[in-house]
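> Take a look at the following structure, please.
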């Protein structure tokens, strides 16, 4: 009987060793108050978009009883790489590192993660097609998942919105297709690449618009202001201005006013991010449209990380998630005002998104529509 007991114990140890070998990324649940999310952002602390993203990640970690540590790369990819390496070297058992594919640096970031055997989750910016980075848990076992915005759809949607308004507003003044210029961000950034691709795909199929030129402005208002002045002089008939961010749209508005143009009347301008400045311009009618809401991904990604660390792996529902942005136009500002109250971090209860805490949910609902019913609100159903 003694030998039999030894055999049983040995068999159990072998099975446990095989389980860990096959799935070394899995974590043993240790309670809500012991987990940590370490977030790496590419910009400065008060960046209009990343500030909102961090606020939602902070609210979600608070709701779910975790800790949040945030690092800011100040636009420097090498700085982010060093930050990730330092954090990975001292990461705890219940910790996940979260970062974007900043300036195509995710490959080098994930090599660090793989070497240190620390789980990582990619947000906001993924691998481009030319990078061929693969899928989560394919080439990099410790890359557990990703949540990205559908940037191509956003670029397409914004272009379509500007053209539709231009056709309506300039119907009598138009002789030939509407002329459009576009100002994009850093040319190596995923969001810039994907949004611009969505724009170009739309412009190629819409005969009523002529996309004159696309220029980069590195997400900066001053660069967008200078770029618009040059392009407007080169193409004086331009009526539509597509920009990849609200900050750059603000630069265009400033330049237009300096040139004695009336933004909102002489020009139809669009941007992305739902940044405070952009929303004010939309409300004032100077900027016709802004796409956004993707800062909510800071909270939603935190929910996935939390569930994973609690032993409720989200893999059965997918490893790559894409969310769709919403659109606000100056013409429907009043009807959307309630939504902007709902998406404030303090009004969302991120515990209600968790499938670990709510196993009765069949899937995750990471969408702006999820906030319209009130179910995921602090005082919701």
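Every number here is computed from the coordinates shown, using simple stated rules; none is lab data. None of these values were measured; they are calculated from a predicted model. Cβ: placed from backbone, ideal geometry, glycine included. Neighbour counts: every protein chain shown.
> Expressed as a rounded percentage, what relative contact order does segment 251-381 have, with Cα pairs under 8 Å and six or more residues apart?
RCO, segment 251-381: 21 percent.
> Which order do peptides 298-307, 251-260 fall in by mean Cβ count within 10 Å, highest first?
298-307, 251-260
> Now for a separate question. Within 10 Å, count the other beta carbons around each residue, average over each peptide in 361-367, 94-100, 59-65, and list them highest first. Could the numbers behind the result be given before it?
On the way: 361-367: 13.9, 94-100: 25.3, 59-65: 21.1.
Highest mean packing first, the order is 94-100, 59-65, 361-367.
> Counting alpha carbon pairs within less than 8 Å and at least 6 residues apart, what relative contact order, in whole percent, applies to segment 152-286?
The value is 27 percent.
> Rounded, prolate or oblate: which one fits segment 101-195, using the alpha carbon gyration tensor with axes a ≥ b ≥ c (rounded when a/c is under 1.5, else prolate when a/b beats b/c, else oblate)?
prolate
> If I stretch the segment between residue 234 and residue 266 completely, what's the gain in nm (0.36 nm per residue apart, minus their alpha carbon distance), one decimal?
Details: separation 32, 0.36 × 32 = 11.52 nm, distance 1.64 nm.
So the chain would gain 9.9 nm between residue 234 and residue 266.
> Sticking with this one: Can you give the extra length, in nm with one decimal, that the chain gains between residue 259 and residue 367 once fully stretched, where that is 0.36 nm per residue apart less the Cα-Cα distance?
On the way: separation 108, 0.36 × 108 = 38.88 nm, distance 4.00 nm.
Difference between extended and current length: 34.9 nm.
> How many angstrom lie between the C-alpha centres of segment 349-381 and segment 183-197?
32
> R0 = 22 Å: FRET efficiency of residue 111 with residue 62, Cβ-based, nearest 0.05?
E(calc), rounded to 0.05, equals 0.10.
> Further question on the same structure: Which FRET efficiency, nearest 0.05, do residue 131 and residue 89 yield, Cβ-Cβ r, R0 25 Å?
0.45
> Which FRET efficiency, nearest 0.05, do residue 284 and residue 141 yield, Cβ-Cβ r, R0 45 Å?
Details: r = 50 Å, r/R0 = 1.12.
Efficiency at R0 = 45 Å is approximately 0.35.
> Taking the Cα atoms only, what angle lies between the long axis of helix 106-116 and the longest principal axis of the chain, rounded to 10 degrees?
With both axes taken from Cα atoms, the answer is about 10 degrees.
> Report, to the nearest 10°, how far helix 333-342 tilts away from the longest principal axis of the Cα atoms in the chain, using its own Cα long axis and a range of 0 to 90°.
Once rounded, the angle reads 20 degrees.
> Let me know the shape class of segment 152-286, please: from the alpha-carbon gyration tensor, a ≥ b ≥ c as square roots of the eigenvalues, rounded when a/c is under 1.5, otherwise prolate if a/b is greater than b/c, or oblate.
rounded
> For segment 318-381, what does the alpha-carbon gyration tensor say about shape, rounded, prolate or oblate, given a ≥ b ≥ c as the root eigenvalues, a/c under 1.5 as rounded, and a/b over b/c as prolate? Could you put the intermediate results ahead of the total?
Values: a/c = 2.86, a/b = 1.56, b/c = 1.83.
Oblate, since a/c reaches 1.5 and b/c is not below a/b.
> Can you put 295, 314, 210 in order, fewest other beta carbons within 10 Å first?
210, 314, 295
> Now for a separate question. Would you calculate a helix-derived [θ] at 222 nm for the chain, using -39,500 (n - 2.57) for each DSSP H run of n ≥ 4 and dividing by the full residue count, to the nearest 500?
Taken over the chain, the calculation gives -13000 deg cm²/dmol.
> Could you point to the label whose value was computed as Cα extents along the principal axes in Å for the structure here, given (1) 96, 44, 35; (2) 95, 55, 35; (3) 69, 50, 39?
Checked against the structure: label (1).
> Applying a 10 Å radius around every beta-carbon, put 43-56, 156-169 in order of their mean neighbour count, most first.
Ranking, from highest mean packing down: 156-169, 43-56.
> Something else now. Please give the helix 48-63 orientation as an angle from the longest Cα principal axis of the chain, in degrees from 0 to 90, rounded to the nearest 10.
Helix 48-63 sits at roughly 30 degrees to that axis.
> Quick check: pseudo-label points 7 Å beyond the Cα along Cα→Cβ at residue 172 and residue 153, how many nm apart are they?
Here the answer is 3.9 nm between the modelled labels.
> Continuing with the same structure: Give the residues of segment 133-173 whose amide nitrogen is closer than 14 Å to a point set 7 Å from the Cα of residue 205 in the direction of its Cβ.
152-161, by backbone N distance to the label point.
> Defining a contact as two alpha carbons under 8 Å apart and six or more residues distant in sequence, what relative contact order in percent does the chain show?
Dividing the mean separation by the residue count of the chain yields 17 percent.
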